1. For Asp361, state whether it is farther than 26 Å from Glu242 by Cβ and buried (at least 16 other Cβ atoms within 10 Å of the Cβ).
2. Are any of the residues in region 257-265 part of a loop (DSSP other than H, G, I, E, B) and either in contact (Cβ under 8 Å) with a residue 40 or more places away in the chain or in contact with a Pro (Cβ under 7 Å, 6 or more places away or on another chain) (or both)?
3. Since Thr297 meets every condition but one in (1) closer than 30 Å to Thr391 by Cα; (2) surrounded by fewer than 16 Cβ atoms within 10 Å (Cβ to Cβ); (3) β-branched (Val, Ile, Thr), which condition does it not meet?
4. Just checking, which of Asp393, Asp405 is surrounded by 15 or more Cβ atoms within 10 Å (Cβ to Cβ), touching a Phe, Trp or Tyr at 6+ places or on another chain (Cβ under 9 Å) and either under 21 Å from Arg453 (Cα atoms) or among the charged types (D, E, K, R) (or both)?
5. For a quick check of your reading of the model, give me the residue pairs whose first member lies in region 477-497 and is acidic (Asp, Glu), whose second is exposed (fewer than 14 other Cβ atoms within 10 Å of the Cβ), with beta-carbon atoms closer than 7 Å and at least 6 apart or on different chains.
6. Looking at (1) β-branched (Val, Ile, Thr); (2) in contact (Cβ under 8 Å) with a residue 24 or more places away in the chain; (3) over 22 Å from Glu198 (Cβ atoms), which is the one condition that is false for Val443?
7. Which one is farthest from the chain's Cα centre (by Cα) among residues in region 391-415 that are part of a strand (DSSP E or B) and charged (D, E, K, R)?
Amino acid sequence: MGQPKQTSSVTPLRAMSRAVSFAAFGGLLLSQTAALAQSASQQPATTANSRSTVSQDNSTTNTAAAFDDGTDDTATPAANGTTTNPDDAAQRPAIPEAQTGDDITGSILDDDIRRLNTREAPIDETLPRRRTAESASAAETPGIPIGTFVLRPSVTQSINTETTKDGNTRQQRAFLETDAAATLTSDWGRHQLTVTSEGAWQKNISGEGEEQPSFKVNGDLRLDLPDDTVAHLTAGYNFYREDTDDPDAVANATQQSDVQEFSAGASVQRDFGILRGTTALALTRSIYSDATLANGTTVALSDRDQTAGTLRGRVGYELSPALIPFIEATIGRSVYDETRDSAGYERSGHSYGAKAGVEVDLGEKLKGEVGVGYEMANFEDSRLSSIDTATLDASLLWSPIRGTDVNFDLQTSIQPSTTAGESGYVSHALTTTVTHQLRDNLVGTMIGGVTWRDYPTDSTINDELVYTAATGLTWNINRYLDLTSTLGYELTTRKEGTDSQQWRAGVGLKLKR
């Protein structure tokens, strides 16, 4: 029988050609699939490794986990069905260190991906932040370390001129003045001790006039106690020469009395939630030296030596940290060393006072307190009339703009007298100080004040008004050296009698450390 007839149009040569084409296409398809599978398997590792920041030990563990289980050297099936050799891991790039926490797996989305209102960077974020330049006038000297304390001393040497006119009497003098000041502050973790001192020494170089030396030192120990309690222990010493215009000054004296005052005190302040309580005790000891008359004789003033004490209590209600209304009461006692003075009067007595006010603390813009009240003083001698008055006290520090500070101080007080037959007077003193930074290293100061000495209606002494005005410039040559200049004027007016005036000007150098 013959072979069957070939009816297919596909010849053997064509069939072989088509088989080769199908094999090539299948190989290309398999290679692309393997490449895509390998890329997909590496992408999660790349995402997780981009956040990695852990130690080298964790990096080694994660590297082995990405390519091998680390238990044997057998081949591991790949995602595309092929096998991978562990030796290939050494040829692959090392995976960065992994991050600790939830980000170690790379499954936690970034916070900014979840948020719809993502934070926008400021326009100038790429620019460096400007540091506020420290003003040369406000720069604090580094001080001198002494153990756990820091001492900041300063010395000012100035040359001055002064002219005094009292009625038809006129005096003029030029003098050198040395002013020294120092602050000693502790650097403790708890509690704080602060000691401040200042003094002035004058030496006439021409003309005539009374020299006015002074010196004072004060210490304050703050104790930080439990239960929101703060205690203060204070002590001080003050030396000054009585001014010729003082109501108790000795007439026609070439040198007035030197006064020494010793003070001590203690206070405790505690917060009771919205209530704040303060109790304070203050003691003062005053000693007067003899005054020297024009003829060289002296006048003993030991009958003015006295000891005085004041007990004060205050309760405040905190409406907010910036506003605290308060009420305050005081009681005082003064005892003279001599029962009767040289004129035969018993001047020991008692004093009482009460006031209500508010404390304000608005940060750098405004802080201080204002209070109104009533005060009275009586004496053991029935011939001396009692003194009473309404009081208005204020102490405010206001900064309207940067570089400008306004200090407003108003004080009402009863001042006992040692003049025969006089019990004393009420002093109303207002002082305003404005400090303005004219330039980075130049500061101007202006001071204005008025004091009203209000005597009782039955007094033989008329009321007096004292006006003061002063201005000054301080040029900071550097952190340790200043050039200072001052100009001042004082006027005392009386309803009866002559007025007195005083002009003063000076320039000096201040060395500070």
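The values are calculated or read from the model by the stated rules, or taken from the named source; none is laboratory data. Note that the coordinates shown come from a computational prediction; the quantities given were computed from them, not determined experimentally. Neighbour counts run over all protein chains shown; Cβ positions are idealised from the backbone, glycine included.
1. So Asp361 does not fit the description; no.
2. Yes - at least one qualifying residue is present in region 257-265.
3. (1)
4. So the residue among Asp393, Asp405 that is surrounded by 15 or more Cβ atoms within 10 Å (Cβ to Cβ), touching a Phe, Trp or Tyr at 6+ places or on another chain (Cβ under 9 Å) and either under 21 Å from Arg453 (Cα atoms) or among the charged types (D, E, K, R) (or both) is Asp405.
5. These pairs meet every condition: Glu496/Asn462.
6. (3)
7. Residue satisfying both the conditions and the ranking: Asp393.
Every residue, every condition in (1) among the hydrophobic types (A, V, I, L, M, F, W, C); (2) closer than 30 Å to Leu233 by Cβ; (3) modelled with pLDDT of 55 or more, yes or no:
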residue	(1), (2), (3)
Glu125	no, no, no
Thr141	no, yes, yes
Thr148	no, yes, yes
Leu151	yes, yes, yes
Ile159	yes, no, yes
Gly167	no, no, yes
Ala181	yes, yes, yes
Leu184	yes, yes, yes
Glu198	no, yes, yes
